[in-house]
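Below: one structure, written as structure tokens.
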Amino acid sequence: MRKRRLGKGGLEVSALGFGVMGLSANLGPATEQQEAIALLRTAVERGVTFFDTAEAYGPFTNEELLGKALAPLRAQVVIATKFGFKIDPSTGAQTGVDSRPEHIKQVVEASLKRLKTDHIDLLYQHRVDPAVPTEEVAGAVKALIQEGKVKHFGLSEAGATTIRRAHAVHPVTAVQNQYSLWTREPEAEVLPVCEELGIGFVPWGPLGTGFLTGKIDANAKFDSSDLRSTFPRFAPEALKANLAFVEMLREFAARKKATPAQIALAWLLSQKPWIVPIPGINKLEHLDENLASVDVVLTRDDLREIDLAAAKIKLQGARLSEGLLSLSEQ
């Protein structure tokens, strides 16, 4: 597995990470625990060193799963988690955002216990809290870094202005926003500011939350436990129209003797050397398929052809539900 570096601090990670969320929540039924643990440990054996979770996934159960899986392998891996939501401890319901410094400290202490570790390698603010100045958030994480409980600071779904303000207080190692061939909003302002400031970029949903794999058809149904049931882009009529995007990818992949998922990931890896996608994985065959994308070579002509073909397709539907979009700055 090739390695990449995030941020000027040089956090070294595998070129492809592992988005752990879907093993526990938000993308349909949870994977059986022992099966999930085996998959995570196999990923480490295959060379993956970068694992992404959050207290909000489950909530809490995803961090617990990752802690159990990686505790024996802790020295070999980089663990990223997130704070920033207000979560009802009795029901698990998200009731808003909360990035008050005292809350950040409480979340980190709880996450450390669930993750069975004494430090978090990369701590993201999950969503920007309009009630708490960015400088206070960065200062709180800086204090945790000075204590040794956190190694690096990150932001998720943040816009360019927030990134600059946070970075002025403490260097931001990585920004994690949704980015893929069919979700390219970060290209306007966020990617340029990351390049200017020397910040790594971690695309979540690099396979379009499964759509770009080519395994979702016009008849796909998503139950209420699956966030995609609320995404306008996955509504029945939009889904049917958007399949033109997958057909474009499938035709190109066939010429490259690859799969649509491999082309989608290779495209992201080709954009910048400091971009590290974190696809969600819940099956061994998907792990192997995704890891092979690191060896897919896309020339400048290939990238130009993909971009031109993608630009001709009019996508239907917003990338997220209205509620989730309201929490994003990009």
Given backbone amide H placed at 1.01 Å from N, residues whose amide H is under 5 Å from that of D226, ignoring those fewer than 5 places away on the same chain, are G28
Rounded to a whole number of µm²/s, how large is the Stokes-Einstein D of segment 58-148 at 20 °C and 1.002 mPa s, given Rh as the Kirkwood radius over C-alpha pairs? 156 µm²/s
Please work out the C-alpha center-to-center distance from segment 1-57 to segment 229-282 and express it in whole Å. 19 Å
Heavy-atom SASA rank of D98, D88 (probe 1.4 Å, accessible area, largest first): D88, D98
Spatial separation of Cα centroids for segment 90-162 and segment 165-224, in angstrom: 19 Å
Over 28 Å, how big is the tail of the calculated P(r) for the chain, in percent of all Cα pairs? 37 percent
Diffusion constant of segment 190-292 at 10 °C, which comes from Stokes-Einstein with the Kirkwood Cα-pair radius and 1.306 mPa s, µm²/s: 106 µm²/s
Log entry: pair-distance distribution for segment 231-282, C-alpha pairs binned every 5 Å from zero, whole % per bin is 4, 17, 18, 19, 24, 13, 3, 0
Listed residues R5, R300, R46, R74 arranged by accessible area, highest first, probe 1.4 Å: R300, R5, R46, R74
If R₀ is 45 angstrom, what is the calculated FRET efficiency for the pair I313 and E109, using the beta carbon separation as r and rounding to 0.05? 0.45
Which of K82/K151; K142/K272; K105/K151; K8/K272; K240/K272 have a Cα-Cα distance over 22 Å? K142/K272; K240/K272
Report Rg (one decimal) and Dmax (nearest whole number) for segment 176-219, counting Cα atoms only, units Å. 12.8, 44
Based solely on C-alpha atoms, express the radius of gyration and the Dmax of segment 271-330 in angstrom. 15.7, 39
From the backbone phi of segment 291-303, what are the Karplus-calculated ³J(HN,Hα) couplings (6.51 cos²θ - 1.76 cosθ + 1.60, θ = phi - 60°) in whole Hz, Gly and Pro given as x? 5, 5, 5, 5, 9, 7, 9, 10, 7, 4, 5, 4, 5
In Å, the Kirkwood estimate of hydrodynamic radius for segment 72-120 over Cα pairs equals 12.1 Å
Keeping all protein chains in place, calculate the accessible area per residue for segment 1-93 (probe 1.4 angstrom), answer in Å². 39 Å²
Residues in segment 154-194 that a label on E136 would reach, taking backbone N under 18 Å of a point 7 Å out along Cα→Cβ: 162-163, 165-170
Spread of Cα-to-Cα distances over 5 Å intervals beginning at zero, given as percent, for segment 42-106: 4, 15, 24, 21, 15, 10, 9, 2
Shape call, segment 2-113: gyration tensor on alpha carbons, a/c limit 1.5: oblate
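The values are calculated or read from the model by the stated rules, or taken from the named source; none is laboratory data. Predicted, not measured: the structure shown is a model, and the values here were computed from it. Don't worry about glycine lacking a Cβ; one is built from the backbone with ideal geometry, like all the others, and counts go over all protein chains shown. Areas reflect the complete protein model, heavy atoms only, side chains present, ligands, DNA and RNA absent. Shrake-Rupley method; radii C 1.70, N 1.55, O 1.52, S 1.80 Å.
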